[in-house]
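All remarks here apply to the structure that follows.
The values are calculated or read from the model by the stated rules, or taken from the named source; none is laboratory data. Not measured: the values here are computed from a predicted model. In this analysis, Cβ positions are derived from the backbone assuming ideal geometry, glycine residues included, and neighbour counts consider all displayed protein chains. Just the protein is used for accessible areas: all its heavy atoms, side chains included, with ligands, DNA and RNA removed. Shrake-Rupley method; radii C 1.70, N 1.55, O 1.52, S 1.80 Å.
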Amino acid sequence: MTTTTTLPDQKKVGMVSLGCPKALVDSERILTKLRADGYAMSPDYAGADVVLVNTCGFLDSAKEESLEAIGEAIAENGRVIVTGCMGEEADVIRARFPQVLAVTGAHQYEQVVEAVHEAAPPTQGPFVDLIPQIDVKLTPRHYSYLKISEGCNHSCAFCIIPQLRGKLASRRIDAVLREAEKLVAAGTKELLVISQDTSAYGVDTRHEERMWKDRSVRAHMTDLARELGRLKTPEGDQPWVRLHYVYPYPHVDAVIPLMAEGLLTPYLDIPFQHASPSVLRAMKRPANEARVLERLKSWREICPEIAIRSSFVVGFPGETEDDFLYLLDWLEEAQLDRVGAFRFEPVEGAQANVLPNPVPEGIKEERYARIMEVTERISAAKLAAKVGQTISVIIDEVGEPDEDGDIGATGRSQADAPEIDGNVFLRNVPARLTQGDIVKVDIEESDAHDLFGAVSA
């Protein structure tokens, strides 16, 4: 008589992930480890044995959103573990929610996993050890975030990231490339390189060299970019490689030719934050805005299709009307492709909180409206210039046929990062089109943020 062993039901973990893409990568790493330990993932509160809330603590509004998420998880499930940036304020969290099971800080993966093991011990035993580890992704299969470092060496007056995540700690170049290669082999068509300061990658390790394949490569942004540009999908195609959080250090000039050669996606996400020299000094940011304009011009001469996105803070303490007008004039000259703007918000522990001459809320709102009007006008003109062109588009979503059998789809151009930039909306696409396909699209219309078109015949 043959006896069989019935595996006990897997314990299930729910996850609420808040904040930036770097936090999303943290969530993926935590869930990957838990999956390897025999846990299943629960899509809802009701089916979870324990719920993880990965919090954001960058702004007071983000902290409040995190607290609301914790409260909802407690109300819906009751067994909650808190991690992430706001985990550094465990006393605040426990004062409001004394019933949370555990609180850990940002990228404290081992502590989070230990807390889950204690709250809901794994039940699979040695049988699960025979199953190969499968990475858990919270993004669609066709694009992936590639985190190259933790922490930051800057001391910007408005930011507390170094207090939350520590100083710069770069990953080994061979480890990063191995992860990238694995992601592309598994179906990733677009790699989004992220960190707190991508340009500073490897500074803390003195750009140490490691062997990769048959060659030595440095832990340096330019070496990393060049190697990522050599990756191939299983079909032999080149994945898109998009650089985020790039500070405009001089060596950034070296990656622009790689974009012109087609090794990198012609896109740079640069956090300028402001243009007025006096505001930049108060922010403790580099203040050479004229030189930046010269470099933007040079980059566009080398790679005309390059798209520059950035974010700006309005209403920083001491910002005068002249400072703000300087910023608007700079934006008119810079002609950035994608711009996000934020009203200054005090963050507990930030140096900016004690600066004199705070800007009244009403003026912040008025300046925010003005900067958005300018940047939307610039964006609308740039997108209108693309009407009539044929561009590459990566497909994010394919819809269901309508009553006439027509199928629509949503994608992005190389100038658009997921979640933060615009979209390309396609009409009447072929039925064979699937998520992750990269296709040529004839652009027919545009508005201030998005493009509209059809797959080329």
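Are any of the residues in the stretch 442-451 open to solvent by 70 Å² or more (accessible area, probe 1.4 Å) and part of a loop (DSSP other than H, G, I, E, B)?
Yes, the stretch 442-451 contains a residue that is open to solvent by 70 Å² or more (accessible area, probe 1.4 Å) and part of a loop (DSSP other than H, G, I, E, B).
Take the residues in the stretch 200-220 that are of a type in the set (A, V, I, L, M, F, W, C) and within 26 Å of D237 (Cβ to Cβ), then tell me which one is surrounded by the most Cβ atoms within 10 Å (Cβ to Cβ).
V217
Within the stretch 398-420, track down each residue that is farther than 30 Å from L336 by Cβ and in a strand (DSSP E or B).
Scanning the stretch 398-420 gives a single hit, V398.
Looking for whichever is outside any loop (DSSP other than H, G, I, E, B) and either surrounded by 18 or more Cβ atoms within 10 Å (Cβ to Cβ) or not charged (D, E, K, R) (or both) here; the options are V100, V51. Which one fits?
It is V51.
Is there any pair linking a residue in the stretch 223-246 that is on the phi > 0 side of the Ramachandran plot and open to solvent by 10 Å² or more (accessible area, probe 1.4 Å) to one that is in a helix (DSSP H, G or I) and not hydroxyl-bearing (S, T, Y), with Cβ under 9 Å and at least six apart or on different chains, and which?
Y245/K22
Checking the condition modelled with pLDDT of 95 or more and aliphatic (A, V, I, L, M), which residue from V241, V252 passes?
So the residue among V241, V252 that is modelled with pLDDT of 95 or more and aliphatic (A, V, I, L, M) is V241.
Residues of the stretch 1-38 being aliphatic (A, V, I, L, M) and at pLDDT below 75, which ones?
Within the stretch 1-38, M1, L7, A36 meet the criteria.
For the stretch 431-441, how many residues are exposed (fewer than 13 other Cβ atoms within 10 Å of the Cβ) and either within 25 Å of the chain's Cα centre (by Cα) or part of a loop (DSSP other than H, G, I, E, B) (or both)?
Residues that pass the stated criteria total 3.
With the condition being at pLDDT 95 or above, I'd like the helices (runs of 4 or more DSSP H) fully within the stretch 276-338 carrying at least 2 qualifying residues.
289-302, 321-334
Taking only the stretch 320-349 into account, find how many residues are open to solvent by 10 Å² or more (accessible area, probe 1.4 Å) and farther than 22 Å from D269 by Cβ.
10
Of all residues in the stretch 350-366 being part of a loop (DSSP other than H, G, I, E, B) and modelled with pLDDT under 90, which is least open to solvent (accessible area, probe 1.4 Å)?
Per the criteria, the residue is A350.
For the stretch 185-213, how many residues are over 18 Å from Y267 (Cβ atoms) and of a type outside the set (D, E)?
Total satisfying the criteria: 14.
Somewhere in the stretch 380-395, is a residue in a helix (DSSP H, G or I) and in contact with a Gly (Cβ under 8 Å, 6 or more places away or on another chain)?
Yes, the stretch 380-395 contains a residue that is in a helix (DSSP H, G or I) and in contact with a Gly (Cβ under 8 Å, 6 or more places away or on another chain).
Which pairs do you get when a residue that is touching a residue at least 40 places away in the same chain (Cβ under 8 Å), found in the stretch 400-422, comes within reach of a residue that is part of a loop (DSSP other than H, G, I, E, B) and among the small types (G, A, S), reach meaning Cβ atoms under 6 angstrom, with the pair 6+ apart or on two chains?
If the second residue must be part of a loop (DSSP other than H, G, I, E, B) and among the small types (G, A, S), the pairs left are D416/G422.
Just give me the residues in the stretch 146-182 being at pLDDT 90 or above and open to solvent by 20 Å² or more (accessible area, probe 1.4 Å), in sequence order.
Listed by number, the residues that qualify are A169, S170, R171, R172, A175, R178, E179, E181, K182.
Could you list, in sequence order, all residues of the stretch 183-199 that are open to solvent by 10 Å² or more (accessible area, probe 1.4 Å) and either under 19 Å from H244 (Cα atoms) or of a type in the set (A, V, I, L, M, F, W, C) (or both)?
L183, A185, A186, K189, Q196
Might you check whether a residue that is over 28 Å from R295 (Cβ atoms) and open to solvent by 10 Å² or more (accessible area, probe 1.4 Å) occurs anywhere in the stretch 367-378?
Scanning the stretch 367-378 turns up at least one residue that is over 28 Å from R295 (Cβ atoms) and open to solvent by 10 Å² or more (accessible area, probe 1.4 Å).
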